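First the structure, in the form of C-alpha cells, and then the observations on it.
Nothing in this text is a laboratory measurement; each read-out follows from the coordinates by a stated rule. Only a predicted model underlies this, so the values are computations on that prediction, with no experimental measurement involved. No Cβ is skipped: glycine too gets one built from the backbone with ideal geometry, and neighbour counts run over all protein chains shown.
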Amino acid sequence: MGYSGAILKNKEGKILFQLRDEGGRNPNKWGIFGGGIKKNETPVNALMREIKEELGIRISESDILKKHTFPFINYHIFEIHLKENPKKENLKEGKNMKFMAKKEFLKTKNALLRVKIFLKVFKIN
C-alpha cells in the first residue's frame, strides 16, 4: 500500500539512522525509521505508528517540518525535528541506531541505496 519514512533530526541537524536486523528485510543495512502503510491508514498515521513501534516515542503532525513524496511508488518521507534524542534501550526494531551527518551516511558502505537517493533528490541536509 505504500511506505512512510522519517528523517529524524536532532538539535545539531544530524539524522537518526537504523541498522536493520539480520533476519528482516535489508539485513545489516543502515536506513531510516518507518514502514508500510496499512489499508485505510494515512501516510502520517502510518509514520506515527511506525515511530512508536520502532523507537517507543510519540510524534505528532506538529513535529513534521516537511513532507516529500514519490507519488508513482506511494513513498512518503517526512522531515521531523526531535525534541529529545531517543534512548538506545528503547529501540524496538533494528540492531542499532546512530545519528549521522548526511555526508557521513552517504559514505557508509552498508547504507540503503534508496535512502541515499531520498537524501540527494529531496536535497535533505
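The loop-placed GluC sites (Glu not before Pro) in region 1-68, going by DSSP, that have at most 14 neighbouring Cβ atoms within 10 Å of their Cβ come out as Glu12, Glu22. Here, region 79-125 yields an orientationally averaged convex hull projection of 4.0 nm² when only Cα atoms define the hull. Only helical runs count toward this figure. For the chain, summing -39,500 (n - 2.57) over DSSP H runs of n ≥ 4 and dividing by all residues gives -6500 deg cm²/dmol at 222 nm.
Would you work out if region 1-81 is rounded, prolate or oblate? Take a ≥ b ≥ c from the square roots of the eigenvalues of the alpha-carbon gyration tensor; rounded if a/c is under 1.5, else prolate when a/b is larger than b/c, oblate otherwise.
rounded
Relative intensity of region 38-125 on a log10 scale, I(q)/I(0) at q = 0.17, 0.24 Å⁻¹, equals -0.89, -1.55, per a Debye sum over C-alpha point scatterers of equal strength in the absence of solvent.
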